[in-house]
Amino acid sequence: MDIKHNELIEKVRRLIEAVIFDLDGVIVSTDEYHYQAWQKLADDENIYFDRVINERLRGVGRMGCLEIILERATRDYTTEEKKELADRKNKYYRESLDKLSPADILPGVMEWLQTLKTKKIPAAIGSSSKNTGIILDRIELTDCFNVIISGNDVKKSKPDPEIFLLAAERLKVDPCRCLVVEDAVSGVEAGIAAGMKVLAVGYAREDKRAHMSAADLSKISFDELIQKEQKTKLKSNPD
Ligand code: BG6
Ligand code: MG
């Protein structure tokens with residue numbers, strides 16, 4: 001193996017210097033509680049809503065979600081009414097968070113966090129949710145993340161890259177050395193726009209724009225992901 005090859009291996013070894021996780025649907029199963037709360041609101045208002053429409057809400061901020069739901073409304077809503085609807089949905093959602101516990105952490109998450117800790121690779125949360133703090137407390141993971149960026153810290157929600165770029169800035173890691181883990185099409189788009197590597201899980205795993213995909217985090221370990229990346233890089237730079 002010549003010096004150039006060794007240098008390349010060293011470069012490839014540092015492919016990922018930080019991991020930014022989405023929260024709802026990646027770390028914890030709160031995506032289902034979001035759906036139930038929106039469904040309840042839509043039923044209150046006699047607006048058609050289903051799980052297919054719900055997929056468009058992943059990663060999108062609260063008011064953005066409401067606008068998507070109101071596409072099926074049979075009348076216009078005033079700004080005040082919209083605010084009341086969003087507050088009511090959040091009230092339903094918060095009620096469901098009362099029963100949230102570490103049992104709701106999704107498969108593979110604890111193993112990933114342990115691996116990152118062992119390897120001293122910082123982990124961050126990049127979520128559009130304004131409920132991020134309370135959720136992390138309830139599932140007892142607050143201390144596992146070096147940086148937490150929530151919907152309270154940004155102006156634009158995904159697919160805008162603001163959340164992920166702010167996370168990278170706080171982590172002091174170059175965006176191109178960050179890995180984003182996402183279950184939302186809007187989140188995959190945000191990760192790509194931020195110039196990051198993207199691992200798509202859950203619903204987003206069919207998204208061809210993601211660099212890698214898996215059904216959930218138990219189906220791919222951090223080490224396997226790095227090995228795959230190394231092989232791809234070494235193959236495209238054979239000399
Ligand atoms: C995202 C969810 O994580 O947070 C979206 O995927 C949700 O569905 C958004 O609308 C905002 O959440 P919250 O908790 O601030 O209403
Ligand atoms: Mg999500």
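The values are calculated or read from the model by the stated rules, or taken from the named source; none is laboratory data. All values derive from a computational prediction rather than experimental measurement. Neighbour counts are summed over all protein chains in view; Cβ atoms, including those assigned to glycine, are modelled from backbone coordinates with ideal geometry.
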Could you tell me whether any residue of the stretch 57-68 is within 16 Å of the chain's Cα centre (by Cα), among the small types (G, A, S) and closer than 30 Å to V180 by Cα?
yes
Hey, which of the helices (runs of 4 or more DSSP H) in the stretch 47-101, taking only ones fully inside, have at least 2 residues that are surrounded by 12 or more Cβ atoms within 10 Å (Cβ to Cβ) and among the small types (G, A, S)?
79-97
Residue pairs, Cβ under 9 Å, 6 or more apart or interchain, first in the stretch 23-42 and without any contact (Cβ under 8 Å) to a residue 12 or more places away in the chain, second assigned to a loop (DSSP other than H, G, I, E, B) and near ligand 1 (Cβ under 8 Å from one of its atoms). List them.
E32/G25
In the stretch 173-197, what residues are aliphatic (A, V, I, L, M), over 9 Å from the mean Cα position of the chain (by Cα) and not in a loop (DSSP other than H, G, I, E, B)?
L179, V185, A190, I192, A193
Residues of the stretch 207-239 being in a loop (DSSP other than H, G, I, E, B) and at pLDDT below 90, in sequence order, are N237, P238, D239
Selected residue [touching a residue at least 24 places away in the same chain (Cβ under 8 Å) and touching a Phe, Trp or Tyr at 6+ places or on another chain (Cβ under 6 Å)] from D183, D104:
D183
Of everything in the stretch 47-73, what is more than 16 Å from ligand 2 (Cβ to nearest atom) and charged (D, E, K, R)? Give them in sequence order.
D50, E67, E71, R72
Within the stretch 130-183, the count of residues that are of a type in the set (G, A, S) and either more than 15 Å from ligand 1 (Cβ to nearest atom) or closer than 14 Å to V28 by Cβ (or both) comes to 3
Matching option when the condition is assigned by TED's automatic domain parsing to the domain that holds L225, free of Cβ contacts under 8 Å to residues at least 60 places away in the same chain and either part of a loop (DSSP other than H, G, I, E, B) or within 13 Å of ligand 2 (Cβ to nearest atom) (or both), among A204, A200:
A200
Looking only at the stretch 63-101, which residues are in contact (Cβ under 8 Å) with a residue 24 or more places away in the chain, within 12 Å of ligand 1 (Cβ to nearest atom) and of a type in the set (V, I, T)?
I69
Does G59 fit the bill of being within 16 Å of ligand 1 (Cβ to nearest atom) and modelled with pLDDT under 95?
yes
Residue count, the stretch 107-129, condition more than 15 Å from V26 (Cα to Cα) and touching a residue at least 24 places away in the same chain (Cβ under 8 Å), comes to 6
